[in-house]
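> Sharing a structure, written as structure tokens. Questions coming.
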Amino acid sequence: MREYLLRLLAHEAWANHTLLKALEKETSVAQRARNAFAHICAAPELWMRRINGETIPLEAWWPIYDAEKLPEIIEKGAREWSKYLNALPDPVTEHMVEVISIKGEPITFRATDILTQFHNHSCHHRGQIAVMFRSAGLEPIVTDFIVWARTVENG
């Protein structure tokens, strides 16, 4: 399971770097796409901060798009989560963490469910961004897991 989750993290970083390049190039895409993308990039770090006991206010989940800062944010999220996953004892799926909700209440999750959540949620928003590309008359950027697995991971 650990290897699979590390693969999800690798896909996440690749998909986000791929989409960032496209958003920098295609200025006709709606600002909403950039906002959704900044939200995607912020999620791994914000979830990790929650795991570390911080309460994250709602507005922090929707940061302002800043193309210059996003490459490091993407890499930092991948590094922190990879380090965290590699440090978990086996079986990783049994490791529980308590985080503080936006309302300030404690909630307990499996750490692996958090990673799965932000990966799936990112796929959801990348799909929305693909629709925005199409609406702007552009070809959507392909960031599918299977494409990454076939072309990047397997060379």
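> Could you tell me how many of the residues in region 40-81 are closer than 22 Å to Val97 by Cα and among the acidic types (Asp, Glu)?
3
> Looking only at region 118-149, how many residues end up being out of contact with any Lys or Arg (no Cβ under 8 Å at 6 or more places or on another chain) and farther than 17 Å from Ala13 by Cβ?
So the count comes out to 12.
> So, one more: Just checking, which of Thr151, Thr108, Thr116, Thr112 is touching an Asp or Glu at 6+ places or on another chain (Cβ under 6 Å) and polar (S, T, N, Q)?
Criteria check complete, one pass: Thr108.
> Go through region 44-69 and give me each residue that's assigned to a helix (DSSP H, G or I) and not aliphatic (A, V, I, L, M).
Pro44, Glu45, Trp47, Arg49, Arg50, Glu59, Trp61
> Quick check on region 1-43: of everything there that is out of contact with any Leu (no Cβ under 6 Å at 6 or more places or on another chain) and not in a helix (DSSP H, G or I), which residue is surrounded by the most Cβ atoms within 10 Å (Cβ to Cβ)?
Checked region 1-43; the qualifying residue surrounded by the most Cβ atoms within 10 Å (Cβ to Cβ) is Val29.
> Pull out all pairs, ordered by first then second residue, where Cβ-Cβ is under 9 Å, the residues are six or more apart or on different chains, the first lies in region 93-115 and is on the phi > 0 side of the Ramachandran plot, and the second is open to solvent by less than 90 Å² (accessible area, probe 1.4 Å) and of a type in the set (Val, Ile, Thr).
Gly104/Thr55
> Right, another one. Here are some conditions: (1) closer than 27 Å to Glu153 by Cα; (2) open to solvent by 50 Å² or more (accessible area, probe 1.4 Å). Gly77 meets all but one. Which one does it not meet?
Every listed condition holds for Gly77 apart from (2).
> Got at least one residue in region 116-138 being outside any helix (DSSP H, G or I), in contact with a helix residue (DSSP H, G or I) (Cβ under 8 Å, 6 or more places away or on another chain), of a type in the set (Val, Ile, Thr) and open to solvent by less than 30 Å² (accessible area, probe 1.4 Å)?
For region 116-138, residues outside any helix (DSSP H, G or I), in contact with a helix residue (DSSP H, G or I) (Cβ under 8 Å, 6 or more places away or on another chain), of a type in the set (Val, Ile, Thr) and open to solvent by less than 30 Å² (accessible area, probe 1.4 Å): absent.
The values are calculated or read from the model by the stated rules, or taken from the named source; none is laboratory data. No experiment lies behind these values; they were computed from the predicted model shown. Heads up, the Cβs are rebuilt from the backbone with ideal geometry, glycines too, and the neighbour counts pull from every protein chain shown. Side chains included, ligands, DNA and RNA excluded: accessible areas come from the protein's heavy atoms. Shrake-Rupley method; radii C 1.70, N 1.55, O 1.52, S 1.80 Å.
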